[in-house]
């Protein structure tokens, strides 16, 4: 019986991840760490409020088998590029190090389509650097999801995303071939895919673009 540790459970993908993990009998414990308390998702769910600026002092909470990281923000929400890098790069890397030191053998990271540590685009470069940093920690299995524009009901309003979704969603049926990657990715599909991948646990480092995410989501893998 395994323990899943989830960071970012209050976010769009993280909320779906928590729901699916808490309903899956393959994880005896589902631990969430966040800045604010969460409602209990089920009998296996264990929530902790933590200070993300002092994670090393809370290292015992990182004992798990599978680390799921769904942390993410925008530059507008974060307030600066440095603050954005803190959430999207530094915290995932620090969490990965702590979890690996505490015995985790697999990590699963929600990244983004276009992530590239050598990109000239700040967002894509930061996401790519986060992927590279997490993959360097030494886990037996590293699973990286690269969804396209996320579709789903967010707690906060992101007008840029809403406009893009309004444009791209009606075009999804005609976006084929190389353009298929531009189809919005359902946040619930990302969560379902990560749970299925975590259960299968392919060794090594694997990157899942939008179509692979949809395929894993369709494969299911949940167990009551």
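The values are calculated or read from the model by the stated rules, or taken from the named source; none is laboratory data. Bear in mind that the values here come from a model prediction, so they are computed numbers and not experimental data. All Cβ positions, glycine included, derive from the backbone under ideal geometry; neighbour counts span all protein chains shown.
Being surrounded by fewer than 16 Cβ atoms within 10 Å (Cβ to Cβ) and either under 29 Å from residue 183 (Cβ atoms) or in contact with a strand residue (DSSP E or B) (Cβ under 6 Å, 6 or more places away or on another chain) (or both) narrows it down to one residue among 92, 117; which is it? Talk me through it step by step, then tell me what you get.
Details: 92 fails: surrounded by fewer than 16 Cβ atoms within 10 Å (Cβ to Cβ).
Just a single option satisfies the conditions, and that option is 117.
Residues of region 11-56 that are under 23 Å from residue 200 (Cβ atoms), in contact with a helix residue (DSSP H, G or I) (Cβ under 8 Å, 6 or more places away or on another chain) and assigned to a loop (DSSP other than H, G, I, E, B): 24, 26, 41, 42, 44. With respect to residue 163, determine if the residue is modelled with pLDDT under 55, under 21 Å from residue 75 (Cβ atoms) and not in a helix (DSSP H, G or I). Taking the combined requirement at face value, the residue does not satisfy it.
Please determine, by comparing only the residues of region 185-196 that are surrounded by fewer than 23 Cβ atoms within 10 Å (Cβ to Cβ) and within 20 Å of residue 7 (Cβ to Cβ), which one is nearest to the chain's Cα centre (by Cα).
Quick first cut of region 185-196, residues surrounded by fewer than 23 Cβ atoms within 10 Å (Cβ to Cβ) only: 186, 188, 196.
Filter once more, keeping what is within 20 Å of residue 7 (Cβ to Cβ): 188, 196.
Numbers: 188: 11, 196: 14 Å.
So the residue we want is 188.
If I ask for residues that are at pLDDT below 95 and either crowded, with 22+ Cβ neighbours inside 10 Å or touching a strand residue (DSSP E or B) at 6+ places or on another chain (Cβ under 6 Å) (or both), which ones from region 136-149 would you list? Selection gives 148 alone. Among the conditions (1) modelled with pLDDT of 95 or more; (2) surrounded by 15 or more Cβ atoms within 10 Å (Cβ to Cβ); (3) under 20 Å from residue 210 (Cβ atoms), residue 129 misses just one, which is (3).
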